[in-house]
1. Just checking, how many residues over region B:224-272 are assigned to a helix (DSSP H, G or I) and either of a type outside the set (A, V, I, L, M, F, W, C) or over 24 Å from A:A11 (Cβ atoms) (or both)?
2. What residue, among those in region B:149-163 that are within 11 Å of chain A (Cβ to nearest Cβ) and touching a Gly at 6+ places or on another chain (Cβ under 7 Å), is nearest to B:M105 (Cα to Cα)?
3. What is the number of the single condition among (1) surrounded by fewer than 18 Cβ atoms within 10 Å (Cβ to Cβ); (2) within 10 Å of chain A (Cβ to nearest Cβ) that B:N169 does not meet?
4. Checking B:G212 against (1) of a type in the set (G, A, S); (2) more than 11 Å from every other protein chain (Cβ to nearest Cβ); (3) more than 30 Å from B:G226 (Cα to Cα), only one condition comes out false. Which one?
5. Return a yes/no flag: does region B:273-284 have any residue that is in a helix (DSSP H, G or I), in contact with a Ser or Thr (Cβ under 8 Å, 6 or more places away or on another chain) and aromatic (F, W, Y).
6. Among the candidates B:A553, B:A541, B:A487, B:A549, which residue alone is over 39 Å from the mean Cα position of the chain (by Cα) and aliphatic (A, V, I, L, M)?
7. Residue check, B:G208 against (1) over 36 Å from the mean Cα position of the chain (by Cα); (2) at pLDDT 90 or above, all met but one. Which one?
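The values are calculated or read from the model by the stated rules, or taken from the named source; none is laboratory data. Fair warning: this is a prediction, and the values are worked out from it, not measured in the lab. Virtual Cβ from ideal backbone geometry, glycine too; neighbours counted across all protein chains shown.
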Amino acid sequence: MDVIYFLIPLALVLLVAAVWAFFWAVKHDQFEDLDREANRILFDEDIERPKKPSPPDAPKPPPG
Amino acid sequence: MNAPPTGLACFHCGLPVPADCKLQVTIAGTPRAMCCPGCQAVAQTIVDIGMDSYYEHRGPSTPGTSQAPDLVPEFLTELQDWDDPELQQPFVHSPDSTHREITLMVNGITCAACVWLVEQHLNGQDGIEQCQVNLSSHRARVVWNPGSTSLSRIIRAIAQVGYKAEPYNPVQQEDVIKRENRQALLRMGLAGLGAMQVMMYAAGLYWGAWEGIDPDHVVFLRWVSGVVCTPVFFYSCVPFYQNAWRALKHRHLNMDVPVSLALVIAYVASWWSVFFQGPEVYFDSVSMFAFFLLLGRYLEMRVRHRSQRTSIRLSHSSIQTARRLDAGGNPQLVPAEKLRKGDRVLVRAGEQIPGDGSILEGSSSVNESMLTGEHLPTPKMPGDDVTGGTLNIEQPLVLEIQRDPQESTLSTLRRLLDRAESEKPSTTLVADRISSQFVAALLIISVAVFAFWWFHQPERAFWIVLAVLVVTCPCALSLATPTAITAATAALANQGFLSTRAHTIEGLRYITDVVFDKTGTLTEGRFSLVETRLLDGDSTAQVEALAAALEQASEHPIARAFHPLGASGDVAGIRVIPNEGVHGIWNGAEIRIGKPGFAGALLASRPAAPDAGQWVLLATAAKALAWFRVEDRLREDAATLVQQLQQTGKRCHILSGDGSGHAREIGRQLGIADVRDNASPQDKLDYLKQLQASGAQVLMLGDGLNDAPVLAGANVSIAMSDGTDLAKVAADGVLLGQSLSPLLQVLTIVSQTYRIIKQNLAWAIGYNLIALPVAAAGLIPPWLSALGMSASSLIVVMNALRINRHGQRATTDR
């Protein structure tokens, strides 16, 4: 069982790497908006769509 | 749930479609009903730009929280202002000469589909370099090229797909939220990773204790456990030590005192074991313990932050601008807080009056309902005083500012508010009370156990006390209340009620009296036509169409009652006479609508109003055509709400600033006997204090500026989401949407929450009562104490989650 003298330090190195990665992610705003990322997969970003039919400042109809 | 039993709900916004409305948009091949031209335009835009998958993926929105569509065009008219560099300056950053960057607050975002829609739409616009929308905070960061687009075009583009965006200056509170969140995540993440590792080594040690293990391996595993546990102990657990130290400094006991004690003793004793071959190490318990507690607190914090963010958003007031007249009489746009005494300002019709002043030129009517509760506008002539924050309705006015902003009526109200807030009766949280008693008992028992074993088996005393501290770890107890409150807050948000203070839910439990403010809470806050009496016209439809054609020109609240009617009839030369009515030319003769005295002035004999109420006369020079009665109608669900509140034994009161007797009429319709009208903000506060002095716990519902101090003084206060910003700041909770009925569900959820809190506390205390004697007898090995602690905590958390299931029916808006 003396292999643990090699494997456990190796696991510790991986642990340090994991902690470093997690800290990096938190500090780079990867956890800022958890609600949205969960839904992102649902949307197609690459669908072909027509260019806008009206200029951005087309007047809106009055309220009903 | 807002939709009437018959009839359709608007496919875009979910509000009921009026019976006579035939608007439709074809979405993904199916024609869908729309409730108004606003929704129709937005839905059509979404379809035209090929983004109809928005409708497929959007989450069900909380009824009524989506942007009321008729707000959008009104707000669009002031959009050009935002291109003024001076006004932009506090919001816009220029990373370089060809780019501008701004953070916009986007109202109306409820789900990921909204975010996608706004991002896709903006990113497809010319001149927009980058656009990112955050779903949690409802902010959009937009980078654009000032050469090819402008801020007003960006805001307009967002409005095109149905959202209202405003420039936003981050509040300091928000930085705090962000820092807290990040800090908590780091601590919890580290504790989680550490706990996983240490548990693995601990499993080896426990297994070894049964099956036999090389003593060298034991030493090695203990060392590694200790090393991995150390950052958890020194980094993740810091908040516990800080809280415990703070509590002890104030001679007070909280959960963090025994938590810290157990952590420190277990950690130090484990290292002692490592060096001197002691019986046990507790590194696994330390890191698991830290992880569970941090996880519970993190979840609680997230819900708290969500409410805080929503309340920041609700009380975020758009920048108030004023048109200051320079020496040459030309209006210049400035922020209202820069106005000084003696400045002259122009206030156009429909604008908010930027400061306290007196009228130099123009006559108009001013809606002061936020201040006085009086629902009809007050006529104002040159020389009259007007108050900042009120609304100019009909004609442009030129004012001379009489007071600097910090001495204005608004600031005075704010001070009254602060005072009421500081005098607010405090609600002690049940959990705090129980926990400090529990902690005291626990510490005394630990000392007693230690003393007992010290005299019998001194070498075991220390380890037994440690087992007692770990097994009785107040983990379950300290999670019992917060998890329940957290789940309840989320369930309430699903029902359209946002609780913004910690004690809101606790306070709602004891409510005995409910006080309504009449304007805007019980009534819709706007006039509608309720009756038409034909005198000499052709038909009801004809006179109504004529009236609508005339009143289109006026923005007076009474005139607006006619706006939804279809206007027809060949009326020309329409002119609005402030505070009187409207006249025009119809069939070659003069026609008038308005006050009986004004409209009937041309008649030989002036007709008198047929009945009590608010009557409007339509007449030509020759004959009176029709009478119209308008009324500020009760909200649809007001009657049911009052009835059910009274059934559950709560007394209802109406407190109104309105002196017209309308409040009494409303009270009579709803069966509320305790009505006080014509009350000033101070009167209202006095009435409230009187009620509280007689032992009542008061829930106050209000929406006006004049209600703000009263809201702050009530035991629990709830503002309506369309109320004034100040009211929302002062309130403990905000009712989202237009309907009152969520209030009943809120009360149900609150009582369910307290049932669950009691179960949780009973479980946590019961568990400890069983575990403690066994641990004190020295019968619990460390692995069992760690298991017991984790299991008891999980049960508490899962029990709390049942609250959310109840509220799941109208699923989340986030």
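1. Counting residues in region B:224-272 that are assigned to a helix (DSSP H, G or I) and either of a type outside the set (A, V, I, L, M, F, W, C) or over 24 Å from A:A11 (Cβ atoms) (or both) gives 33.
2. If we take residues in region B:149-163 being within 11 Å of chain A (Cβ to nearest Cβ) and touching a Gly at 6+ places or on another chain (Cβ under 7 Å), then B:G162 is nearest to B:M105 (Cα to Cα).
3. All conditions are met except number (2).
4. (3)
5. Within region B:273-284, one or more residues are in a helix (DSSP H, G or I), in contact with a Ser or Thr (Cβ under 8 Å, 6 or more places away or on another chain) and aromatic (F, W, Y).
6. B:A541
7. (2) is the only condition that B:G208 fails.
Conditions tested, residue by residue: (1) at pLDDT below 85; (2) within 27 Å of the chain's Cα centre (by Cα).
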residue	(1), (2)
B:D70	yes, yes
B:F75	yes, yes
B:P85	yes, no
B:T98	yes, no
B:E101	no, no
B:L104	no, yes
B:A112	yes, yes
B:I128	no, no
B:R139	yes, yes
